Each structure stands twice: as structure tokens, then as C-alpha cells.
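Single-structure report; data block below.
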């Protein structure tokens, strides 16, 4: 048996993700789909394979040259697309006098290809099409004897009582005679050849697949589903090796400021243990296991992505013993990550439901202890190639991602004020310079606030670490203490700064005065970033619930400015007074 893999498509439905990666090379659980199909054909007894190519064909050639298969695998480049029929005719010189198999390059399936080929050998008809019941694509009419009576490009509305409609899987076995029904050198569909075959009085035979897995990965959603189908069972096995599950269900959970999508994934296990109740009689005992799945989105470029950083930094911190969720399984290309479920209690909720100030102080001291450990240990082996934004917290970052963000997203975008970055340029440049003057450089989380800290089983965990880089530890402390979601009392903030300085002094050479100096400026830059983020999230992402935290953030900004001389940041002070009026009326 010889085979052809149809791989010349443009991947239009998968744009923009196919701009840099051809669809056949989209990985499924780490393996390119093209490799999965080649191995399946090889295992089915195929003796040689040819692949037609067009879009990003050099990447397919390069991939194949990096692999060693036990059978020859060739490519045939099409300068102009020929369609499925034209592609088969274009490799006429490759075929011999035996039936050959043709398979689409965008399907993931466990259909036994050897069984399909043997089925074809055991009848006398020119073509065998593998069909199955897939309501979305059911457009092939077959009769009671499983002969194909008609094929439609769109789903057919015909209702002939003795016929049924099934879907084409993209797998077919053909006798060489089919080539007589395909024109030379022209674009054509193999469906047209089948119609000609039927019109001539010949009947294509249907192989009806049952109890199988099949997925077309031609759209972002179907590709994502294919990867999940492969990864999810393995993720539960990684987390609980002895766990056997009956089914896996997914529930969308609310995210926060990120565009990522979050899901709680629940696997149900039916144990052999029986329990008895008067109400229901004898029942199987049910056990549940839960994981979190985060969807970062499909990769669009070769550079380090947010998913890459989330995975690399998360695994690094976990291995250091920092309390972060364990990452059980991931796929960098699809952006899917399965990790430990830390429940639903965030530090914000815990603090707002706690009336005991001493308990609140104790919670924050515990988190500061984690911060100190994360900062110091995290810096020792941190690889800056893991970062997807910038490797360091720098002057440029402060000016663009804190200061300009504040002006563009908050002042102009949200409040509609007629200000520009240039109006505050001198003050912003001074702020950036002084923020880094006495920086204690170590690992920096960059968004260490109460909605990124979870509480489970009396233990705190740090999440959303993908923005990690090298920078001032004072910034993370500022993020924690000026957090508008909880609005800690100013006196407690001061006490916690003292506590943090003493804690860092056990591991680093700390100049207390310089530490406080940097902390004050970091508090200001963080404050600007918070307001810029709120403006962007409300206006651009439609997340209006962040609006409730703006008054607290503005109040804190005014308070933070009071720590400086009156002449320092006079322009920012003036605009803050305008903001107070705009926010409070």
C-alpha cells in the first residue's frame, strides 16, 4: 500500500495561527499532527508516502528531514493549488497498480487504517470512503447496502426514506482507475471525481466507522478541543497515577484582568466500593478529582509567549519550594496548561471577611515571608530567556508600562482628560531614575496583589507569576501593600514595611534608609500602573467591575505623593487633584 497525505491547504480557518506554522505541523500533545498521521500509516503497513505541499512548504520539508521513518516519505510542492482531486492526479507517477490510501492532514483519529485498507481489498469497487455519523458534517447519502449515492459540498436537506446521511472522515482508499475521472493539470476536487464515478454507473463503497475518535482540527476551537482530549486524561494520570476516571467535565470559571480563559476540570471516578442508603438502595461510591486548565490561546509567533513564561517560571518556582500551583501538564503551542486546583478563596476575600486586625497583620506577615523567599531564592537560577515581556524592570519599562500607561489608558482613555505623556515627561523621567536608584534587585513577581494570592488548607499560594523578571523587591512589596482591592490601613502598611526590611536583612545586605527610599518611588510607579490597568480593563475589555476600586487607588496615589517634597512631582500632584474631582464629583 502507498498513501498520500493532503497537506497543501492554506489553513484559512485557522488564521492568524497558520501565518507561521502550517496546519499539518500543529502539535497535538507535543506531537505534530503530520507525524501522528505518518506513524499511523506506517503502522498500517504503508510502504511509501507522498505529501502535497504549498503553504509554508519549506517548514514541512524541514520537519520531515529531521525525522527518521522506516518508510520513504516524499513531498510534492504545488506552486499553484490543485485541489484534492488535482493533487492526487499530480502524483500519478507515484502510484503503482495497487489500491492506494489518501488521508487529510487536518484530522486526528484512531480509526484503524489497516482495517480500512483490508475492507477495500475485499470488494470490487473503485473507491472506499470512510464515513461516520457526525451531525455537523453529515452530507453523504448512502443506501441500505452502504453504497454512496450522492455527495454534497454543503449539508444536504434531502430526505430519501431508504437512505441515510453520514459524514466523510477525510480517509479514502482508491483503485488507480479513479485517475481516469480526474482532469490533467487542472484544479479539481476529488468529490467531483466521485460524482462522475456515480454518474458512470459505478458505486463508491462506504466503510462506516463506529466506536472511534475523530476530530477535524481545521478551526481554532476544534484544534483546542483535540489537544484537550489528549491532554486532560494524561494530566489526571500525572496528578493521581492510581486514579481511574469515568468521564471528564469542564466548567468555565471567572478570570480577572487577563484575557486568558480559565476552567475547572473535574474527573469522576466510580469506585468498586458499594454503599447503601434507604433512599437510593445500593450505589457505587463516587470520587472526584479537580484540576484547573488555563487557556492562553494558540501561539502566533516564535518568540517567547505568555504561556511559555507561565510554564517555565511556574515550574521553576515550584521546584524551589515556593508555594505556587503545581503544573501537571502543558502544551506550549496550544497554550493549554493543567495545574493544581487551589480552590476559590483569594486573599482579598479572606481579608474583607476578617474583622480581627491582628489576624490580618499575621496573614500579611506570612505572605511577606513567602515574598522574601521567592525574591531571594528565585533570583539565584532565574533564566531571563523565560520572560515574555522584558527581562528586567528598567527605566524604559517604567516610562512606557507605568507612566505612559497611566496617561493613555486612564487620564485620556478612561477620564477623557486632554493630557499627553509629554506634559509630565520630566517628572516621569525623574521618577523612573529614582525608582531604580536604590533597588534591591532580585526575582520580581510584578503583580503581587490580593487577587493573585490564594488561600487553601490554611496555606497561601502565589499565582499569576508569568510576568516575573529581575527587578526591585520593593516593587512587589508596594504591590502588596497599596493594593486597592483591600485598602490596608496606612499604619499597618508602615508596620509591614518594617517587618519586610527585617526579614530581608536575614538574607541580603540591606540599607534600611535606601530600602525605604526605593519603596516610596516603587509605590508611586505601581500606583500609576494600577490606574492605567483599570482604565484599560474598563474601556478596552469591558470589565466595568474594576471601576469600584478606582477611588481607593486615587486616594492612595494622593497619599503616596504626600511622602515627597511639595516641589517634587508638582504636575502629577495637580492632575491628581483633578482626578479626585472627576472620581468623587
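The values are calculated or read from the model by the stated rules, or taken from the named source; none is laboratory data. Everything numeric here is computed off the predicted structure, so don't read it as measured data. Glycine also receives a Cβ, built like all others from the backbone with ideal geometry; neighbour counts cover every protein chain displayed.
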Test: residue in the stretch 378-392 that is assigned by TED's automatic domain parsing to the domain that holds residue 454 and part of a strand (DSSP E or B)
yes
From the list 443, 406, 428, exactly one residue is assigned by TED's automatic domain parsing to the domain that holds residue 568 and in contact with a strand residue (DSSP E or B) (Cβ under 9 Å, 6 or more places away or on another chain). Which is it?
443
Within the stretch 291-325, how many residues are touching a residue at least 24 places away in the same chain (Cβ under 8 Å) and touching a strand residue (DSSP E or B) at 6+ places or on another chain (Cβ under 6 Å)?
10
What pairs come out if I take residues in the stretch 548-575 that are assigned by TED's automatic domain parsing to the domain that holds residue 488 and pair them with residues that are surrounded by fewer than 14 Cβ atoms within 10 Å (Cβ to Cβ) whose C-beta lies under 7 Å away, six or more apart or interchain?
551/584; 559/490
Out of 537, 524, which single residue is within 29 Å of the chain's Cα centre (by Cα) and either in the same structural domain as residue 420 (by TED's automatic domain parsing) or in contact (Cβ under 8 Å) with a residue 40 or more places away in the chain (or both)?
537
Scan the strands (runs of 3 or more DSSP E) fully inside the stretch 129-187 and keep the ones with 2 or more residues being closer than 26 Å to residue 114 by Cβ and at pLDDT 85 or above.
140-142, 164-174
Let me confirm something: among 464, 457, which residue is under 29 Å from the mean Cα position of the chain (by Cα), free of Cβ contacts under 8 Å to residues at least 24 places away in the same chain and under 24 Å from residue 370 (Cα atoms)?
457
Apart from one, (1) under 29 Å from the mean Cα position of the chain (by Cα); (2) under 17 Å from residue 488 (Cβ atoms); (3) crowded, with 18+ Cβ neighbours inside 10 Å all hold for residue 364; the odd one out is (1)
Among the candidates 53, 84, 109, 75, single out the residue that is surrounded by 15 or more Cβ atoms within 10 Å (Cβ to Cβ) and more than 25 Å from residue 179 (Cβ to Cβ).
109
What about residue 215, is it over 16 Å from residue 337 (Cβ atoms) and modelled with pLDDT of 90 or more?
yes
Only one residue in 397, 448, 377, 431 is free of Cβ contacts under 8 Å to residues at least 12 places away in the same chain and surrounded by 14 or more Cβ atoms within 10 Å (Cβ to Cβ). Which one?
397
Could you look through the stretch 249-266, keep only residues that are under 15 Å from the mean Cα position of the chain (by Cα) and not in a strand (DSSP E or B), and pick out the one that is surrounded by the fewest Cβ atoms within 10 Å (Cβ to Cβ)?
259
Check off (1) under 14 Å from residue 173 (Cα atoms); (2) surrounded by 17 or more Cβ atoms within 10 Å (Cβ to Cβ) for residue 96 and give me the number that stays unchecked.
(2)
Selected residue (criterion: farthest from residue 90 (Cα to Cα)) from residues of the stretch 190-210 that are part of a loop (DSSP other than H, G, I, E, B) and modelled with pLDDT of 90 or more:
210
